[in-house]
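To keep things clear, I will list the structure first and then write my remarks on it.
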Amino acid sequence: MGDPKGFINVPRKEAGYRPAKERKFDYGEVEQTLNVKDRKLQAARCMDCGVPFCHWGCPVNSKIPEWQDAMYRGEIEEAYSILSSTNIFPEITGRICPAPCEKACVLAIHEEPVTIRENECATVEQAFEAGVIKARPPKYRTGKKVAVIGSGPAGLSAADLLNRAGHHITVFEKNDAIGGLLRYGIPDFKLNKRVIDRRLEIFVDEGIDFKTNVTVGSDISKDELLQNFDAVLLAVGAEQPRDLPVEGRELSGVHFAMDFLSQQNKVVAGKNVPEELKISAKDKHVLIIGGGDTGSDCVGTSIRQQAKSITQIEILPKPPDKREINNPWPYWPNTLRSSSSHEEGCTRYWSLSTRRFIGDADGKVKQTEVVQVEWSKDENGRWIMNEVEGTSQLLDTDLVLLSMGFTQPVHNGLLETLGIDYDPRGNVKVDNQKQTSAEKIFAAGDAEKGASLVVHAIEAGKIAARGVDAFLKSIS
């Protein structure tokens, strides 16, 4: 504990965002950074609690008090060593994680938690600048080969650890670039893709083999996969979007949010998108259905595409501004969250259900009928929804973005070919070591957990890597 009175003497100070009037016209990262002196002071606020609830709240079990202390003392190499011992991507989580660690921080009781996420990002960036982070190839190879299907955070987390263990790792990605959701799901204004590329260069130098534009199951058959590799890890994500089966769903202008976001990421990356396939918000009334992070990303992207208006609706009630009595610290606060995109300009509504989409003579969406709903519990304690009579209204709509989450991994293709079992929710069924019902095949991340946070996927990749490593040793 560098400064025993730091949490008393130093107030919480966030880096904040670039001015909205500037940032909403570009795709540069919106978040700013503090100077080294201010960052050390923020690290000094860590109380080194006897029970580190921040560590308990972090899905990757980050040793937060330890690396905060090293950061305060200016020991960047030590801070990064501790930080990276549980998380291969602190430069990613330091930018986009919702920071459950901060919600569990003891200082959060008074709504002044340590700026753990920003400190994390600063630590890794200072380590890169100091030349601390460099390729360290394994000193020996086991001769065992592992195929990792999918290059999102779960796949890359597992690939890194298995490569360190000396196994030969090949990562297959169906898209034209590595990164999965990090690459084509998260907007550049939240995560500059050079951050991903910088880490990938290290992975390549350490011996991981990456294959892009390869769809396993068609470009490579099941038999080839199982014959050429000693183990297979499925990290294919949960890419089956939740649809909205209402009247008018087939109209032109109604799209899944991820199609919209991934396309814009490709445009920013300089890739060509055929004009007839472009999904543009420019000069349109945009309706975003779904109030989560993906919906927020659609807001920010629509603003940058110069939409005429942006409305975001959520079927659930508006969350409270403060914790309620049944949602105590240190648990995740079920409170209202507003992003940098929301601050840039957006109309938000809650407790609205979509009845239908209305089109014009050319089959293009022009209006959306919505209705207010009320939520209550039945005799079994289950939440039920009822429409409020006389509350329907029409919203002008030229572009609808469905952002209601994902239901499960896509079953058609690879998963069906492999013949693996699913859990009741349709996710890949795994045991405690992330092994599936099929021999040699493991799964990690959203494919087996369901759509969740990047930080959960990173941890799942770590667990799967240990399971795969133990399996390979058992067959040596």
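Summary of computed values
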{"quantity": "Between segment 165-210 and segment 79-135, the Cα center-to-center distance that results, in Å", "calculated": "20 Å"}
{"quantity": "Order of Ile88, Ile202, Ile279 under a 10 Å beta carbon neighbour criterion, fewest first", "calculated": "Ile202, Ile279, Ile88"}
{"quantity": "Total formal charge among the other residues, if their Cβ is under 12 angstrom from that of Val365, Lys/Arg +1 and Asp/Glu -1", "calculated": "-2"}
{"quantity": "Interatomic Cα distance distribution for segment 1-100, bins of 10 angstrom, percent", "calculated": "14, 41, 33, 11, 1"}
{"quantity": "Under 29 Å from Lys13, Cα to Cα: lysines that are on another chain or at least 8 residues apart", "calculated": "Lys5, Lys21, Lys24, Lys37, Lys40, Lys63, Lys103, Lys190, Lys193, Lys318, Lys322"}
{"quantity": "Order of Trp383, Trp56, Trp329 - criterion: other Cβ atoms within 10 Å of each residue's Cβ, fewest first", "calculated": "Trp383, Trp56, Trp329"}
{"quantity": "Span-like helix ranges in the chain, DSSP H, alpha carbon extent 15 angstrom or more, Kyte mean at least -0.5", "calculated": "153-164, 193-205, 257-268, 293-304, 454-474"}
{"quantity": "Anisotropy class of segment 243-404 from Cα gyration tensor, a/c 1.5 cut", "calculated": "oblate"}
{"quantity": "Taking the chain and dividing mean pair separation by its residue count, relative contact order in percent (alpha carbons under 8 Å, at least six apart)", "calculated": "17 percent"}
{"quantity": "For Asn9, net neighbour charge (Lys/Arg +1, Asp/Glu -1) across residues whose Cβ lies under 11 Å away", "calculated": "+1"}
{"quantity": "Residue-count net charge about Lys308 - beta-carbon cut-off 11 Å; Lys, Arg +1, Asp, Glu -1", "calculated": "-1"}
{"quantity": "Beta bridges per DSSP with both ends in the chain, % antiparallel, nearest 5", "calculated": "40 percent"}
{"quantity": "Inter-centroid distance (Cα atoms) of segment 376-405 relative to segment 20-36, Å", "calculated": "35 Å"}
{"quantity": "Test item: Cα-centred dipole of the chain, Lys/Arg +1 and Asp/Glu -1 on Cβ, debye", "calculated": "820 debye"}
{"quantity": "FRET efficiency, His255 to Ile325 (Cβ-Cβ, R0 45 Å, nearest 0.05)", "calculated": "0.65"}
{"quantity": "Likely footprinting exposure, Ser474, Ser339, fewest C-beta neighbours within 10 Å first", "calculated": "Ser474, Ser339"}
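Every number here is computed from the coordinates shown, using simple stated rules; none is lab data. The shown structure was predicted, so the numbers you read here are calculated from the model rather than taken from an experiment. Positions of Cβ are backbone-derived with ideal geometry, glycine not excepted, and every protein chain shown enters the neighbour counts.
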